[in-house]
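Enquirer: The structure under discussion is supplied below as structure tokens; questions concerning it will follow.
No value in this document is a laboratory result; all are computed from the given coordinates. Just so it is clear, the model here is predicted, and its values are computed rather than measured. In this analysis, Cβ positions are derived from the backbone assuming ideal geometry, glycine residues included, and neighbour counts consider all displayed protein chains.
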Amino acid sequence: MSKVLIIIPAYNEEDSIYNTVKKLVETCKYDYVVINDGSTDGTRRILEENNLNYIDLPINLGIGGAMQTGYKYALKHGYEYAIQLDADGQHDPDDLEKLVAEIERSQYDMVIGSRFIEKTNYKGSLMRRIGILYFYYLLLFISRIKITDPTSGYRIVNRKIIKEFSKYYPVDYPEVEVLVKLAQKKYRIKEIKVEMKNRQGGRSSITPLKSLYYMTKVTFISLIRSVF
Amino acid sequence: MDIVQVIALIFALLFFMQVIFFTSRNKLQDKQAFLWIVFGIISLLIALFLPSINKFAHYIGISYMPALIFMVAFLVILNLLIYQTTVISSQQEKLKNVIQELAFLKKQIKDYIKDKEDKK
């Protein structure tokens, strides 16, 4: 057993899940677990046939519930660190080592792989960039922390945070809310540069209306929870 | 007793009987059942003391008494709704935990069976 667990949440990712895990196993030595979040496509069959290590949620819980399952698994099995890696192939496994090395060296509680802390090849849509910038200022205003890529899901946490997440993890759109919570509890968060590619398969779950809802909801909830 | 009060009493009684019916058939959990029984009794009392409530409404400057009842009922129902939403939220949380535990169990059983087959 390695000291690092890679958590791969997967909801209807039959196009990319096998390649993502295959590349992961080839390039790094850490343990992984795929959380199949009640997929309705062939994701589960692919996981089973290829004998991949996975947990099968019988009912779809959403990204928050799926990630929390991963953190609970990490807690149960005594892992030191847990990394979220998206199944759609946006996260480059080559950056894994950098994240692990950084959290071990710096002793921070969370290290986020950021697309914006230094210049990278990432090209997101204008709307997406505006959204990310909005959350940057929101976190600066509410929590007084500077996170250039607050929506990045590519993040590593230590055992203290694994424990926290096992107790509470937001159900939907967890990325930003979690940062507010952690900053409030005075955990130390750091960012390093990573490369992100465009999706290898599947569809993005974000629509314009959903992102408006997402931004408003996170703003209200974060404001309320940071004050009271 | 004027006819309005009789109608109010009949409705309050029907409501109360409905609550008793659901409670006796175990359609309501104890905590919720008690809440509704209290509500049923309150509505009965309101129907019984309708004339006094009328006077009270006039006393505090509400000329149209039903407005007072609507206002109070609205506030009570709003509170009840928030309470019900907290119940739903806590149940969703519990359900999530059960689903996660179930998933862990499924994995343990699968790993166990695989282990046994490998040893054969």
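Enquirer: Going by alpha carbons, how many degrees (0 to 90, nearest 10) lie between the helix axis of B:3-24 and the longest principal axis of chain B?
Expert: Helix B:3-24 sits roughly 20 degrees off the main axis of chain B.
Enquirer: Karplus couplings for the range A:155-166 from phi (6.51 cos²θ - 1.76 cosθ + 1.60, θ = phi - 60°), rounded to Hz, Gly and Pro as x?
Expert: 9, 10, 10, 8, 5, 4, 6, 4, 4, 4, 5, 5
Enquirer: In Å, the Kirkwood hydrodynamic radius of chain B over pairs of distinct alpha carbons?
Expert: Values: mean 1/r = 0.0537 Å⁻¹.
Here the Kirkwood hydrodynamic radius works out to 18.6 Å.
Enquirer: Turning to a different aspect of this structure: Run the helix sum for chain B: -39,500 (n - 2.57) per DSSP H stretch of 4+ residues, divided by residue count, reported at 222 nm to the nearest 500 deg cm²/dmol. The partial results should precede the final answer.
Expert: On the way: 4 runs with 106 residues, N = 120.
Value at 222 nm, helices only: -31500 deg cm²/dmol.
Enquirer: If I fit a long axis through the Cα atoms of helix A:17-27 and take the longest principal axis of the Cα atoms of chain A, what angle between them do I get, 0 to 90°, rounded to 10?
Expert: 90
Enquirer: Using Cα atoms only, what is the angle between the long axis of helix A:126-143 and the major principal axis of chain A, expressed in degrees (0 to 90) to the nearest 10?
Expert: Roughly 60 degrees between the two axes.
Enquirer: Hey, could you pull the Cα Rg and Dmax for the range A:99-190, both in Å?
Expert: 13.1, 36
Enquirer: Listing B:M65, A:M196 from the residue with the fewest other Cβ atoms within 10 Å to the one with the most, what is the order?
Expert: Working: B:M65 16, A:M196 23.
Exposure proxy ranking, most exposed first: B:M65, A:M196.
Enquirer: Restricting to Cα pairs below 8 Å that are 6+ residues apart, what does the relative contact order work out to for chain B? Please round to a whole percent.
Expert: Details: 38 pairs, mean separation 20.9, N = 120.
Computed value for chain B: 17 percent relative contact order.
Enquirer: Report, in deg cm²/dmol and to the nearest 500, the calculated mean residue ellipticity at 222 nm for chain A, where each DSSP H run with n ≥ 4 adds -39500 (n - 2.57) and the sum is divided by the residue count. Don't jump to the answer; show the numbers that get you there.
Expert: Values: 8 runs with 102 residues, N = 228.
Dividing the helical sum by the residues of chain A leaves -14000 deg cm²/dmol.
Enquirer: Give the span of the range B:1-48's Cα atoms along each principal axis, as three whole-Å numbers ordered largest to smallest.
Expert: Cα extents, longest axis first: 37, 15, 8 Å.
Enquirer: So, one more: Please report Rg (one decimal) and Dmax (integer) in Å for the Cα set of the protein assembly as shown.
Expert: Reported Rg and Dmax, both Å: 27.2, 88.
Enquirer: Another one. Using +1 on the beta carbon of Lys and Arg, -1 on that of Asp and Glu, and nothing else charged, what's the dipole of chain B about the Cα centre, debye to 20?
Expert: Numbers: 13 positive and 8 negative charges, 127 e Å.
It works out to roughly 600 debye.
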